[in-house]
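Chemist: One structure is given below, represented as structure tokens, and several questions about it will come after.
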Amino acid sequence: MRADPARAAVLLDIDGTLAPIVRHADDAHVPEPTRVQLIAVAKRYRVVGCISGRQSATARQMVSLGSIAYVGNHGAELLRPGGTEVEIDPEIVAHEQAVRDFARAVWDQDLQRLRVRAEDKRAIAAFHWRGAPDEDAAEEAVRAIAERAVAAGLHTHWGRKVLEVRPPVAIDKGRGVRRLLSGHDLAAGLYVGDDVTDLDAFAGLRALVDEGELGAAVCVGVRSDETPPRLEEAADLLVDGPSGVRELLRVLVA
């Protein structure tokens, strides 16, 4: 990576990776010391991007850096460096209304009472229970939503205290990674993430190596009290929390 940054990519998740996990997702932000290191990385490496479960425009606002790419909604959206228009996969757009209609149909007073938080991400409907007064009861209610989603022919995806209801097409960070890196003729790529959704990004990066479109891949897991065991097993190396990610960025430009 460091020997030939002009032919290397640095890709990072945001929540739990660049930004510490917080009780309320809207309060999350990237610490300025981390942002300073990310700016330095962006100046040196060929492709730098954030791959997030948030919408790409929201991700850019969080990071406050317009010179890098943002892949949002787990690969469904792409906001190119300096771009103003979000590019959405046409296959996914076709199912957007069905997901929104489902989210409206399942939302009720019980979910509000349990303090489940609904998030409209266009083609993805997310239901969060982190920070609910009774997280166990809130999770049980969200699991009932998942059963209804499957019965309705939609896909479900679980993250850390969040359920995502998705269209019945492949949406994952691996798809976003492949879309972002396509055609760049890179010698190496590095991805950093902390959750099960990042396993798809690991797989996407490694698939590019297997297909001869990328020279080498480095998959970095971010440890925390909630680190999924599968992430630790799949990672090439591990760093401790967002502070470890900041140190990794520093090493990349040292």
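The values are calculated or read from the model by the stated rules, or taken from the named source; none is laboratory data. Quick caveat: nothing in here was measured; it's all calculated off a predicted structure. No Cβ is skipped: glycine too gets one built from the backbone with ideal geometry, and neighbour counts run over all protein chains shown. Quick note on the areas: whole protein, heavy atoms, side chains included, nothing else; ligands and nucleic acids left out. Shrake-Rupley method; radii C 1.70, N 1.55, O 1.52, S 1.80 Å.
Chemist: Using C-alpha positions alone, give me the convex hull volume of the chain per residue in cubic angstrom.
Modeler: Values: hull volume 30.8 nm³, N = 254.
About 121 Å³ per residue, rounded to a whole number.
Chemist: Exactly which GluC sites (Glu not before Pro) in the stretch 63-115 are in a DSSP loop and have at most 15 other Cβ atoms within 10 Å? Walk me through the numbers before you get to the answer.
Modeler: Details: sites: E77, E85, E87, E91, E96; in loops: E85.
The qualifying sites are E85.
Chemist: Same structure, new question: Over the stretch 13-97, give the accessible area per residue in Å² for a 1.4 Å probe, as an integer. If you can, show how the numbers build up before the last one.
Modeler: On the way: 3680 Å² over 85 residues.
Solvent-accessible surface per residue comes out at 43 Å².
Chemist: Determine the calculated [θ] at 222 nm for the chain from helices alone, applying -39500 (n - 2.57) to every DSSP H run no shorter than 4 residues and normalising by the residue count; nearest 500 deg cm²/dmol. Write out the running numbers ahead of the final one.
Modeler: Values: 10 runs with 100 residues, N = 254.
That comes out to -11500 deg cm²/dmol.
Chemist: If you don't mind, another one. If you find the alpha carbon centre of the stretch 3-43 and of the stretch 97-133, how far apart are they in angstrom?
Modeler: Cα centroid of the stretch 3-43 versus Cα centroid of the stretch 97-133: 28 Å apart.
Chemist: What lysines could a cross-link reach from K173, if we take a straight Cα to Cα line under 20 Å and drop same-chain neighbours fewer than 8 places away?
Modeler: Qualifying lysines at Cα under 20 Å: K121, K161.
Chemist: Let me ask another. Take the alpha carbon atoms of the stretch 128-222, find their radius of gyration, then divide it by 2.2 N^0.38 Å using N residues; give the quotient. Could the numbers behind the result be given before it?
Modeler: Working: Rg = 16.7 Å, N = 95, 2.2 N^0.38 = 12.4 Å.
Here the answer is 1.35, to two decimals.
Chemist: Could you work out what % of the accessible surface of the chain is carbon and sulfur, using a 1.4 angstrom probe and leaving DNA, RNA and ligands out of the count? Can you show the working numbers first?
Modeler: Values: 5510 of 11420 Å².
Taking all protein chains in place, the chain shows 48 percent carbon and sulfur surface.
Chemist: Can you tell me, using C-alpha contacts under 8 Å and at least 6 residues apart, the relative contact order of the chain as a whole percent?
Modeler: The normalised contact order for the chain reaches 20 percent.
Chemist: Could you provide, to the nearest whole Å², the per residue accessible area of the stretch 148-249 with probe 1.4 Å? Display every interim value, and only then the final one.
Modeler: Values: 4220 Å² over 102 residues.
Accessible area per residue, the stretch 148-249: 41 Å².
Chemist: Using a Debye calculation, one point per C-alpha and no hydration shell, please list log10 I(q)/I(0) for the stretch 181-254 at q = 0.13, 0.19, 0.20, 0.21 Å⁻¹ in order.
Modeler: Here the Debye-derived log intensity ratios amount to -0.39, -0.78, -0.84, -0.90.
Chemist: Then there is this: If I take all pairs of Cα atoms in the stretch 1-137, what percentage of them are more than 24 Å from each other?
Modeler: Numbers: 3760 of 9316 pairs.
For the stretch 1-137, the share of Cα pairs beyond 24 Å comes to 40 percent.
Chemist: I'd like the accessible area for E232, computed on protein heavy atoms only with a 1.4 Å probe and all protein chains in place. Round to 10 Å², please.
Modeler: 80
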